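> Take a look at this one; I'll ask things after.
The values are calculated or read from the model by the stated rules, or taken from the named source; none is laboratory data. Just so we're clear, the structure is a prediction, and the values are computed from it rather than from any experiment. Cβ coordinates were reconstructed from backbone atoms using ideal geometry, including for glycine residues, and neighbour counts include every protein chain displayed. Remember, those area values only see protein heavy atoms, side chains included, never the ligands or the DNA or RNA. Shrake-Rupley method; radii C 1.70, N 1.55, O 1.52, S 1.80 Å.
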Amino acid sequence: MAEAEVGDDDYGEDRTVRRLEEAFAERVGKPAALFVVSGVMANQIAFRVLTRPGTAVVAGRRQHVVAYEYGAAAMNSGIQFLAVDDRDGMVQAADVLWARQAAAHHQPAVSLVSIENTHMAACGAPWDTEALGALLSAAGPVPVHMDGARLFHAEAATGVAASEWAAGATTVMCCLSKGLCAPVGSLLAGGADLIDEARLARKRLGGGMRQAGVLAAPGLVALRDMVARLPEDHARASRLAEAVASRWPRCGLDPASVRTNIVTFAHPDPGKLLAYLEHHGVLAHAIAPDTVRFVTHHDVDDDGIEHAAATVARAPGNGTQ
């Protein structure tokens, strides 16, 4: 970061940012990319350039864009979600077809289909390639945005390259600040004209940056060095999932469903459990009033996982045992 070549990115003068954008665009097989400060900003910019006010976006009801962005899409783009079942992390093609057909029955026209790969709330589940192909066919002329905050986790878990996952999507987003370990930043990729529009939308949202190369430099390291180590996080999450399922057999967690770096499970009192875990040196989070999440990453080693598993094994009892 200290050695990064910098310039005014608002004027396209930061060479390190340009290198990062080019590297990501090549990695996901798109003509162009845009560096932004967060995954939420990338998603919101995609909605701004791909949707129209008064239209609907088909998305899973537990997707990040629906549940964890504080209603930003309605405020920023004037859209409403047609939120469908996504218990397994995927949106069904039949639901997309139904939504498109419903426009002939006084329901909002569908301007976008949004999917999440991997799906955070579904234990970081990667998509199935056949299901993705069916969804793309069902979308027809409607653009598809892929919230790929953890896209490279999907690549690591399935062996399917990020470019193949993103091939049918109109736009694709990825975070550098999660498993890829950069301190800040996300990227949005798509067609050149769309990214030109996205750059203007970023400016309107206050996202123009000066000397941003200091942030882009670790992003280059992330793409170059950090993807190959993601299976380590996946193995540690699997170990933790086994501990959770052993402690709370009725919490709804099947350890086999944990293929990447996220473990989510039901608990009737997350606040009490999280306080207990933190008291014993384990940090976790609640993503819903009855759902707890563990995430593995570069800073959690094998010893840390064993400590977390032992702490879970001693956790107080509750009604989901």
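> Report the relative contact order of the range 201-321, percent, no decimals, based on alpha-carbon pairs under 8 angstrom and at least 6 residues apart.
Normalised by residue count, the contact order of the range 201-321 is 27 percent.
> Give the accessible surface of the range 1-90 per residue, rounded to a whole number of Å², with probe radius 1.4 Å and ligands, DNA and RNA excluded.
48
> Debye calculation, C-alpha points only, no solvent: report log10 I(q)/I(0) for the range 134-222 at q = 0.11, 0.12, 0.16 Å⁻¹, in the same order as the q values.
The computed values of log10 I(q)/I(0) come out as -0.37, -0.44, -0.76.
> Between ALA103 and GLU130, what is the spin-label point distance in nm, taking each point 7 Å from the Cα along the Cα→C-beta axis?
According to this spin-label approximation, the distance is 2.9 nm.
> What FRET efficiency comes out for the pair ASP196/ARG314, r = Cβ-Cβ distance, R0 = 45 Å, nearest 0.05?
That pair, ASP196 with ARG314, gives E of 0.20.
> At 7 Å along the Cα-to-beta-carbon direction for both HIS279 and ALA72, put a label point, then send me their distance in nm to one decimal.
Distance between the two pseudo-spin positions: 3.6 nm.
> Could you work out how far apart the two model spin labels at ALA288 and ARG210 are, taking each label as a point 7 Å from the Cα in the direction of the beta carbon, and quote it in nm?
4.5
> Further question on the same structure: Of all DSSP beta bridges located in the range 64-221, what percent are antiparallel, nearest 5?
45
> If you project the alpha carbons of the chain onto the principal axes, what extent comes out on each, in Å, largest first?
Result, largest extent first: 58, 55, 34 Å.
> At 1.002 mPa s and 20 °C, plugging the Kirkwood radius over alpha-carbon pairs of the range 47-183 into Stokes-Einstein gives what diffusion coefficient in µm²/s?
So the translational diffusion coefficient is about 143 µm²/s.
> Now for a different question. How much length, in nm to one decimal, is gained on full extension between ASP85 and GLU164, taken as 0.36 nm per residue of separation minus their Cα-Cα distance?
My answer for the length gained is 26.0 nm.
> Pull up the DSSP beta bridges for the chain and report the antiparallel fraction as a percent, rounded to 5.
Given both bridge residues lie in the chain, the antiparallel proportion sits at roughly 55 percent.
> If you put +1 on each Lys and Arg Cβ and -1 on each Asp and Glu Cβ, how big is the dipole of the chain around its Cα centre, in Debye rounded to 20?
Around 680 debye, computed over the chain.
> Just the accessible area per residue of the range 177-274, please: how many Å² with a 1.4 Å probe?
42
> If packing is taken as the mean number of other Cβ atoms within 10 Å per residue, what is the order of 50-59, 7-16, 114-123, 174-183, highest first?
Per-residue mean Cβ counts within 10 Å order the peptides as 114-123, 174-183, 50-59, 7-16.
> Sort 26-38, 90-102, 269-281 by packing, meaning the average of other beta carbons within 10 Å per residue, with the highest value first.
My ranking of the peptides, most packed first, is 26-38, 90-102, 269-281.
> Something else: Between MET1 and HIS307, what's the calculated FRET efficiency when r is the beta-carbon distance and R0 is 25 Å? Round to 0.05.
Efficiency, rounded to the nearest 0.05: 0.20.
> How large, in percent, is the carbon and sulfur part of the accessible surface of the chain at a probe radius of 1.4 Å?
Ligands and nucleic acids excluded, carbon and sulfur reach 51 percent.
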